[in-house]
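No value in this document is a laboratory result; all are computed from the given coordinates. Since this is a predicted model, take the numbers as computed values, not measurements. Don't worry about glycine lacking a Cβ; one is built from the backbone with ideal geometry, like all the others, and counts go over all protein chains shown.
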Ligand code: FES
Ligand code: FES
């Protein structure tokens, strides 16, 4: 049994400690926002926040996150369902095409902005390593700047 | 008059004709005339009023638009909903939603892709019969950049017809003439008395009226939605991470499956050497041989199934292809460039004589490799076959008809014959042509037939996805031109070799096969009739291999436009001309094309000098009834590392429904095209695909994404396609830019060898000079 917090709720999970967090979230907890895209930490579709760090959950065994706080894309909006500022920027910039990669990008951008509220293009390039096959990159960059600017004004 | 020998009509024409003969013989024209191809019939079902096959209005005023085309990122659900909303006089707000209908209504059929005639221009007996036969067959598919072209008019009519019925219902209810009523914002208003009724209040009355045959359409001058960028209807769910994809389907009692394909296409299973060990793994319920060619593991969770599948020790039969390697395909393709009996696609004038007698000749051989789709959502399908024989499938698919056929085929491998199949088309996490086939569906149906009464969700690992592909063919071309005294081509003669896509697609999916010769996908893009060149010849030769070929975003254009638009640059340079000025001269008789070229040149400030190591390249193509021109700017470092600095894109896509969606398709197409040109190749060793995941089949990342600027040309032509054109000129524009920067003409894709550096960026270094 592994205890951890997922999107603010404390849970005791009965599952193989070797099972990747991605599949625990998807199969045991019904949190389907994190996606499987590669399984080898290449694409970032599975990214979640683990104690605030953007982490590929496909290579993170459940056993390694005992006691940690995990936030998935589902946990970014507040309890009323209001989108986070990053999600809102994504919508305002009309970023997604197919959308499959986007939860991972939104998580990665959320972690970046928490650490660096006003990232430059170079810092964005350094931090955001996910793959988008649909090629939404120009809008991703714009959405991160937009979210940063909105925070500045808030 | 040019002699066009290519089969311009699509491959299903044969099916339409054969099917027509059959249906006409059995049921006669009488039966066919009962097929509702307009979808305007209405009825009431409880509190919802179905005003036609595209439009349902609930009593609370909610409007549900049925869009029978797959949303795979291109924004088609929004674009076609906009058309309905425009005619219906409702805003694009929360009252409006979009579904992909499960019913295979004849009005949803994709007859445009088969017959090649726009619905608003359709007439004559062939179209009449073709629409009905394809409608009966349930031929619904999304592809060929055709959804807006095919559906915007029928859905406009559906919206206008419904609006007219709502007005008629209000007229009866209020006892006032129709002419005294207006519509706006989902309400019908009688201005004289100030009385107003909502569409929700009127829908049930409206649905029992007969739909008008030829409703008046709103004039373009009154449009408030069409042509103005609207937010995508599917994005709020997508930014929340809502479970909208096939992979996210969860059903009670569901089983999960993973699969292993034979490494060499065509090999069959010889033995599973450790089945008891695999079955003993936690959660494993079944190890199944699928159609002699794959092994599936069924478990309580996909992770368990995949873990167990990784342990499988399988022996496969040997095949004739066990020594096949990429170099062999390359030799075969190049050898076939001089084959004795190629298929003529274009033979206009005496190209040979003109080239032989020309003062200057240009000749070059080009090549492009096998590539794959690598959709972000790996292939998957969920199927249940219930005890009563009713089957149901949930699939991220471009073609319900392939889903239905896949369920029948896969179930039949287990000797199960479903009585019916309901197709639920989920959001697609990318598709690019890959999801038009039935492979993964048939496998899931077979497993569902073995586990009757329980849904089975089959997901391919990324490795199976890369290695179990339906690839874009490896291709080669030899291009020759004779230049006149002014440097412009008097003639060109092109030989192209590739493996036919149509033969493979038809073999896997259709009851007949037109065969490989004259496959239009092999030659598309090589005939450029808008370039004023007095004589042209294009010939193709099919080169078979054991590798399965499928549809791939922009198909033949993806290599042919690279070949010819690079070659045109070679001609320009041979003539000592500027590549832009040279193309302008070639386009002198085609002002629509010239306008697109001029626009992109202006965006790039074409004549402005670049610093050493930088280069600019241009290319133009007409495809899917759109014209697109692009200029790429690159920087080549001294060690050969290539940076794509920016790509400018001008497009004439005819009438634009949702401008921002067209821009997004250009941005995405350019990213896809840059990835392919710089880094994509599927290679073979010992008969098997070498690549397996994103570490060896790299995709552009944010750090390498060029700046992109898009300009849409105002056009009064009807809508063209936008899904594929954005990719098409990229490779040639890049190759021309590389030449401008370095003086090197690279005639073989990909241009570079790519590594992924620290998962952060891709580093693409130009291939060394041979
Ligand atoms: S699925 Fe985890 S990084 Fe791709
Ligand atoms: S939006 Fe489709 S992969 Fe990124």
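Some observations on this one:
- With the convex hull of its Cα atoms as the shape, chain A has an orientation-averaged projected area of 8.7 nm².
- Here the contact order of chain B, divided by its residue count and restricted to Cα pairs under 8 Å and six or more residues apart, works out to 13 percent.
- Per residue of B:700-710, other chain Cβ atoms within 10 Å of the residue Cβ number 6 on average.
- Using only the C-alpha atoms, the convex hull of segment B:66-155 corresponds to 93 Å³ per residue.
- Overall form of segment B:242-317 per C-alpha gyration tensor (a/c, 1.5; a/b vs b/c): oblate
- Maximal additional length on extending the residue B:584-residue B:608 stretch stands at 6.9 nm, based on 0.36 nm per residue less the C-alpha distance.
- Segment A:85-153: equivalent-ellipsoid semi-axes (sqrt of 5 x gyration tensor eigenvalues, Cα, Å): 18, 13, 10
- Taking 0.36 nm per residue of sequence separation and removing the Cα-Cα distance, the residue B:546/residue B:220 pair yields an extension gain of 112.2 nm.
- DSSP bridge orientation in chain B - percent antiparallel, rounded to nearest 5: 75 percent
- Take the Cα of residue B:486, step 7 Å toward its Cβ, do the same at residue B:44, and the gap between the two points is 7.1 nm.
- Kirkwood-type radius of segment B:416-513, with distances r between different C-alpha atoms, in Å: 17.9 Å
- Counting Cβ atoms of other protein chains within 10 Å of each residue's Cβ and taking the mean over peptide B:685-698 gives 2.
- Relative contact order for segment A:2-74, counting Cα pairs under 8 Å that sit 6 or more residues apart, in percent: 41 percent
- The label point for residue B:182 and the one for residue B:102, both projected 7 Å from the Cα toward the Cβ, are 4.2 nm apart.
- The C-alpha atoms of chain A define a longest principal axis, and helix A:102-115 lies at about 80 degrees to it.
- Area projected by the alpha carbon convex hull of segment B:656-770, averaged over all directions, nm²: 9.7 nm²
- For residue B:685 and residue A:53, the FRET efficiency from 1/(1 + (r/R0)^6), where r spans their Cβ atoms and R0 equals 35 Å, is about 0.35.
- Residue B:363-residue B:692 FRET efficiency (beta carbon distance; Förster radius 22 Å; 0.05 resolution): 0.05
- Axis of helix A:137-153 versus longest Cα principal axis of chain A: the two differ by about 80°, to the nearest ten degrees.
- Both radii come from the Cα set of segment B:282-367: Rg as radius of gyration, Rh as Kirkwood radius; their ratio Rg/Rh reads 1.36.
- The mean sequence separation of alpha-carbon pairs under 8 Å and at least six residues apart, normalised by the residue count of segment B:130-205, gives a relative contact order of 20 percent.
- Shape of chain B, Cα gyration tensor, a/c cut at 1.5: oblate
- Over segment B:360-433: Kirkwood hydrodynamic radius from C-alpha pairwise inverse distances, Å: 14.8 Å
- Distribution of pairwise C-alpha distances over segment B:677-723, 5 Å bins, in %: 5, 12, 16, 14, 11, 11, 12, 10, 6, 3, 1
- When only alpha carbons are used to place a centre, segment B:442-489 and segment B:54-86 end up 30 Å from one another.
- Within segment A:132-150, backbone nitrogen closer than 17 Å to the virtual label 7 Å beyond the Cα of residue A:92 toward Cβ: A:139-150
- Taking the convex hull of the alpha carbon positions in segment B:347-402 and averaging its projected area over all directions gives 8.8 nm².
- Relative intensity, log₁₀ I(q)/I(0), of segment B:68-219 from a Debye sum that treats every alpha carbon as a point, q = 0.16 Å⁻¹: -0.93
- R0 of 45 Å, Cβ-Cβ distance residue B:128-residue A:1: FRET efficiency to nearest 0.05: 0.10
- Overall size of segment A:47-136 from C-alpha positions, given as principal axis extents largest first: 37, 33, 27 Å.
- In whole percents, the pair-distance distribution calculated for segment A:2-74 from its alpha-carbon pairs, binned every 10 Å from zero, is 23, 63, 14.
- Stokes-Einstein D in µm²/s, Kirkwood radius over Cα pairs - segment B:285-425 at 37 °C with 0.692 mPa s viscosity: 157 µm²/s
- From most to least packed by mean Cβ count within 10 Å, the peptides B:496-506, B:702-712 give B:496-506, B:702-712.
- Tail weight of P(r) past 18 Å, computed on alpha-carbon pairs of segment B:138-190, percent: 48 percent
- In whole angstrom, segment B:611-652 maps to an equivalent ellipsoid with semi-axes of 27, 8, 7, each derived as √(5λ) from the alpha carbon gyration tensor and ordered largest first.
- Label-point gap, in nm, between residue A:10 and residue B:711 - each point 7 angstrom along Cα→Cβ: 6.2 nm
- Neighbouring Cβ atoms from other chains, within 10 Å of the Cβ of residues in B:239-252, number 6 on average.
- The distance linking segment A:1-75 with segment B:560-597 is 53 Å (Cα centroid to Cα centroid, whole angstrom).
- Proportion of all alpha-carbon pairs of the protein assembly as shown beyond 39 Å (%): 43 percent
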